[in-house]
Amino acid sequence: MSLMDEENGVDGVGDSAGELDEALRDYRLSVHAWSEAAYGRARTAAAAAAPNWRLAAGWALGCVLIAGGASAGVWGHHRQEMKAAAARVAEHERLAAEQRMQLAREEDEDLLARVDSDVAREVPSALEPLAQLMAADESRYERNQKKSSSSSF
Amino acid sequence: MAAGVTLNAMRMTTAEEIADEEFTAIVTRHRARIFRFLLSSSRDVDLAETLTQECFLKAHRNWASFRGESTAMTWLMRIAINLQKDHWRNRRVQFWKQARTYAVDVNEAGEWLPSGERSAEQQLLARERVRQVSKVVAELSERQRSIFLLRYVEEMELGEIARATGLSEGTVKAHLSRAVTRVRAELGEKR
């Protein structure tokens, strides 16, 4: 007599009862098998908890180290970039200063050139007309001398 | 006087040691069965493992008060049922939890069925029947489910179930009858 028949004798005959008994038996076997598998697995999981914890801690430490290394690298890179930028700014300022100096030099040179040209300009002498007259007289005298000498021969 | 105190202390230590040994034997003998009941009832491996541990912890704390009026198994099962009841009562998300585990159970219940010496077709039919029973069990009330599982999975006697659940045998029988009727209806519908 099955478990079913004991307390449910009313419909406990025929195909239906047989099928029900079979279903309940299969269900029991299924639960037993599932439980055995889960029971073994549960204890394995409990034993493996410590290594998992250690693994997680290892991962966490690794992540911290990697993050630290990466941030140190980033910081180093940032500092290098700052230095390079400062150097670029300094170079730019140096060039600008040189340009300004060059411009100032050129302006000074222009000014001096203008002063020189103003100072060195030849002004017409007040005696120049006289000098021209003298030069004309001298040439006339020379011509006369030449004529007189030629007639005496 | 001092010798008497020492003797008493030794006696107590010995009694404690014996009790510990007895309890260890009880754990070894019944742990798998308690776990199985909690697993089939909750359909959650982690929860079943936790409640099993709680059950034996509680049993250990109260081991001295166990008078042997029922078997150790019945006593342990009663603790397990109460723990489970408390757990579900305290869960605010009970509905969602049930919905989730139900979905898992219906999909997987038949997968654990040993093949035995059945043909492929018979195995398929058996799996389908196990799925149907699992579905009904998941839909039973907590009390009906406990009684059904104690009877058809743990194969406990009605008197034992009554003692474990704190109900009368008549009530146990009534709950069982309703549960079986639902299983039969489910199997009949799918035929």
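The values are calculated or read from the model by the stated rules, or taken from the named source; none is laboratory data. For clarity, every value in this text was computed on a predicted model and none was experimentally measured. Every residue, glycine among them, receives a Cβ derived from its backbone with ideal geometry; neighbour counts consider all protein chains shown. Remember, those area values only see protein heavy atoms, side chains included, never the ligands or the DNA or RNA. Shrake-Rupley method; radii C 1.70, N 1.55, O 1.52, S 1.80 Å.
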The residue that is least open to solvent (accessible area, probe 1.4 Å), considering only those in the range B:82-130 that are aromatic (Phe, Trp, Tyr) and at pLDDT 65 or above, is B:Trp88
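Look through the range B:138-177, keep the residues that are touching a residue at least 40 places away in the same chain (Cβ under 8 Å) and hydrophobic (A, V, I, L, M, F, W, C), and return whichever of them is nearest to the other protein chains (Cβ to nearest Cβ). Full working, then the answer.
As a first pass, look at the range B:138-177 and keep what is touching a residue at least 40 places away in the same chain (Cβ under 8 Å): B:138-140, B:142, B:145-146, B:149-150, B:153-154, B:156, B:160, B:163-166.
In the following step, the residues that additionally are hydrophobic (A, V, I, L, M, F, W, C) were identified as B:138, B:140, B:149-150, B:153, B:156, B:164.
On the way: B:Ala138: 12, B:Leu140: 13, B:Leu149: 8, B:Leu150: 11, B:Val153: 5, B:Met156: 10, B:Ala164: 16 Å.
Out of the qualifying residues, it is B:Val153.
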Point to revise | Flag for A:Leu20 being surrounded by fewer than 14 Cβ atoms within 10 Å (Cβ to Cβ) and at pLDDT 85 or above | key: no
Checking A:Ala45, A:Ala97 in turn, the sole residue that is more than 30 Å from B:Val130 (Cα to Cα) and either facing chain B (nearest Cβ under 10 Å) or at pLDDT 75 or above (or both) turns out to be A:Ala97
Picked from the range B:10-33 (must be surrounded by 14 or more Cβ atoms within 10 Å (Cβ to Cβ), more than 10 Å from chain A (Cβ to nearest Cβ) and at pLDDT 80 or above), the residue farthest from A:Ala33 (Cα to Cα) is B:Phe23
- Message: Scan the range B:61-69 and tell me whether some residue there is open to solvent by less than 70 Å² (accessible area, probe 1.4 Å), more than 21 Å from A:Glu36 (Cβ to Cβ) and either in contact (Cβ under 8 Å) with a residue 24 or more places away in the chain or among the hydroxyl-bearing types (Ser, Thr, Tyr) (or both).
- Response: yes
